[in-house]
Amino acid sequence: MSVTAPQGFRAAGVAAGLKSSGALDVALVVNDGPLDAAAAVFTTNRAKANPVLWSEQAIADGRARAVALNSGGANCFTGSFGFQTTHRTAERVADLLAIDAQDVVVCSTGLIGVGDETFRAGVLQGMTDAAAALAADGGDAAAHAIMTTDSVAKQVHVERDGWSVGGMAKGAGMLAPGLATMLVVLTTDAVADAAMLDAALRAATRVTFDRLDSDGCMSTNDTVVLLASGASGVAPTAEDLAAAVTAASDDLAARLQADAEGASHDIAIEVVGAASEDDAVVVGRSIARNNLFKAAIFGNDPNWGRVLAAIGTTDAAFDPYDVDVSFNGVRVCHAGGPDRPREEVDLAPRATRILVDLRVGDASATIRTNDLTHDYVHENSAYAS
């Protein structure tokens, strides 16, 4: 269950000294073909890390043979020196694999501002070591090497008839659109061209990673890349490919949510009865980003008033005095007023479901988030790579 589960891929994860803990911190994923089709989506933050700036150019032709990743430093806001580090990383991998540097996607994660000469030396040596360690069963080591504050490695394998999609993800904090603070590598042995991959990836991220909103903070390094080797010889329809990529992305998004820093509740906010899908997303996100609501969930308090106050800040179409709100299956608010007693709601389980019915249309959307805890504040006040 990893990026190397589909045919035609090798991977590795090694320790290059970027993390003070000595843990794995450099990963390499290689597409051995016969195809080299690829697609990627990146953070919409205007402050983009050097690897994102490089990878946006590298993926423009719809081709990629390798993804080089490191944790232990974001290589963001490190100036032209940092961009040259990314460039040299791609060149090192290209030399080792006898491919073109423009066919290497580069990803970094960790503390912003880290990317000095020592960092560069570690990354380059790490790529040399990773290339030597490449193996068809190296996906698990690669998934561990991209972890920062993650407590577990996140991997997935979605099997279809004669072909499959594999993947790995990193992310535990700063989880918000666009994308979420994540590095994700998805692989498939299906026969597909770059245009088909791009359409499938964008359809998947729109309803999965883009709807994961743990703490409202957007990263500088977000990258989700999809590689196709074609090694299975099976050419699925565009719809089937998109469905499989979406299933893999949804699984990884759920794993990211479950590992969110300090969280004690995994909250699914389902908005129904909206005039449009965009309205449903806006309303759901307004709740997910409301610290009063998130603190209430941490305290096991079904405070539906905070839900109505949050959605009232949006421009979505609805009448506040015609909205229903349910917590874990108990409708505590009907038509903008009290309904069932709050004491009927059990918020002790980690899995928490909020249902908001706007009662104006047929559109719906679900946003994933987490509660706001003491542990979250502590971890993000003490964090350094």
Do we find a residue being in contact with a helix residue (DSSP H, G or I) (Cβ under 9 Å, 6 or more places away or on another chain), of a type in the set (A, V, I, L, M, F, W, C) and more than 19 Å from residue 152 (Cα to Cα) anywhere in region 204-215?
yes
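Yes/no per residue for (1) touching a Gly at 6+ places or on another chain (Cβ under 6 Å); (2) among the hydroxyl-bearing types (Ser, Thr, Tyr):
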residue: 36; (1), (2): no, no
residue: 61; (1), (2): no, no
residue: 72; (1), (2): yes, no
residue: 89; (1), (2): no, yes
residue: 96; (1), (2): no, no
Does residue 28 meet the test of being in contact (Cβ under 8 Å) with a residue 12 or more places away in the chain and either open to solvent by less than 10 Å² (accessible area, probe 1.4 Å) or touching a Leu at 6+ places or on another chain (Cβ under 8 Å) (or both)?
yes
Could you check region 185-222 and list, in sequence order, the residues that are modelled with pLDDT under 95 and not in a helix (DSSP H, G or I)?
208, 212, 213, 214, 215, 216, 217, 218, 219, 220, 221, 222
For region 280-298, enumerate the residues that are open to solvent by 30 Å² or more (accessible area, probe 1.4 Å) and assigned to a helix (DSSP H, G or I).
282, 285, 291, 292, 295, 298
Residue list for region 74-107, restricted to those being at pLDDT 95 or above, under 21 Å from residue 150 (Cβ atoms) and touching a Leu at 6+ places or on another chain (Cβ under 7 Å)
107
Determine if region 323-330 includes at least one residue that is touching a Pro at 6+ places or on another chain (Cβ under 6 Å), surrounded by 15 or more Cβ atoms within 10 Å (Cβ to Cβ) and farther than 17 Å from residue 214 by Cα.
yes
Condition check for residue 135: modelled with pLDDT of 95 or more and more than 18 Å from residue 10 (Cβ to Cβ):
no
Could you tell me whether region 115-123 includes any residue that is in a loop (DSSP other than H, G, I, E, B), surrounded by fewer than 24 Cβ atoms within 10 Å (Cβ to Cβ) and out of contact with any Leu (no Cβ under 9 Å at 6 or more places or on another chain)?
yes
Of all residues in region 141-165, how many are open to solvent by less than 30 Å² (accessible area, probe 1.4 Å) and either aromatic (Phe, Trp, Tyr) or part of a loop (DSSP other than H, G, I, E, B) (or both)?
5
Cβ-Cβ below 7 Å, separation at least six or inter-chain, first residue in region 290-306 and under 12 Å from residue 342 (Cβ atoms), second assigned to a loop (DSSP other than H, G, I, E, B): which pairs?
296/303; 300/347; 300/348; 302/345; 302/347
The residue that is nearest to residue 204 (Cα to Cα), considering only those in region 344-385 that are acidic (Asp, Glu) and at pLDDT 95 or above, is 362
For region 221-240, indicate whether the set of residues that are acidic (Asp, Glu) and open to solvent by less than 40 Å² (accessible area, probe 1.4 Å) is non-empty.
yes
Out of all the residues in region 76-83, is one or more closer than 28 Å to residue 210 by Cα, within 22 Å of the chain's Cα centre (by Cα) and open to solvent by 10 Å² or more (accessible area, probe 1.4 Å)?
yes
If residue 68 satisfies every condition in (1) farther than 27 Å from residue 158 by Cα; (2) open to solvent by less than 10 Å² (accessible area, probe 1.4 Å) but one, which is the exception?
(1)
Need the failing condition index for residue 193 against (1) touching a helix residue (DSSP H, G or I) at 6+ places or on another chain (Cβ under 9 Å); (2) touching a residue at least 24 places away in the same chain (Cβ under 8 Å), just the number.
(1)
Exactly one of 191, 185 is open to solvent by 10 Å² or more (accessible area, probe 1.4 Å) and under 28 Å from residue 55 (Cβ atoms), and that residue is 191
Counted residues, region 223-266 - those being out of contact with any strand residue (DSSP E or B) (no Cβ under 6 Å at 6 or more places or on another chain) and part of a loop (DSSP other than H, G, I, E, B):
12
Every residue in region 121-142 that is in contact with a Lys or Arg (Cβ under 7 Å, 6 or more places away or on another chain) and in contact (Cβ under 8 Å) with a residue 40 or more places away in the chain, please.
127, 134, 135, 136, 138
Check on residue 35, under 15 Å from residue 133 (Cα atoms) and buried (at least 18 other Cβ atoms within 10 Å of the Cβ):
no
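The values are calculated or read from the model by the stated rules, or taken from the named source; none is laboratory data. Computed from a predicted model, the values in this text were never measured in an experiment. Note that we place each Cβ from the backbone using ideal geometry, even for glycine, and neighbour counts take in every protein chain shown. Side chains included, ligands, DNA and RNA excluded: accessible areas come from the protein's heavy atoms. Shrake-Rupley method; radii C 1.70, N 1.55, O 1.52, S 1.80 Å.
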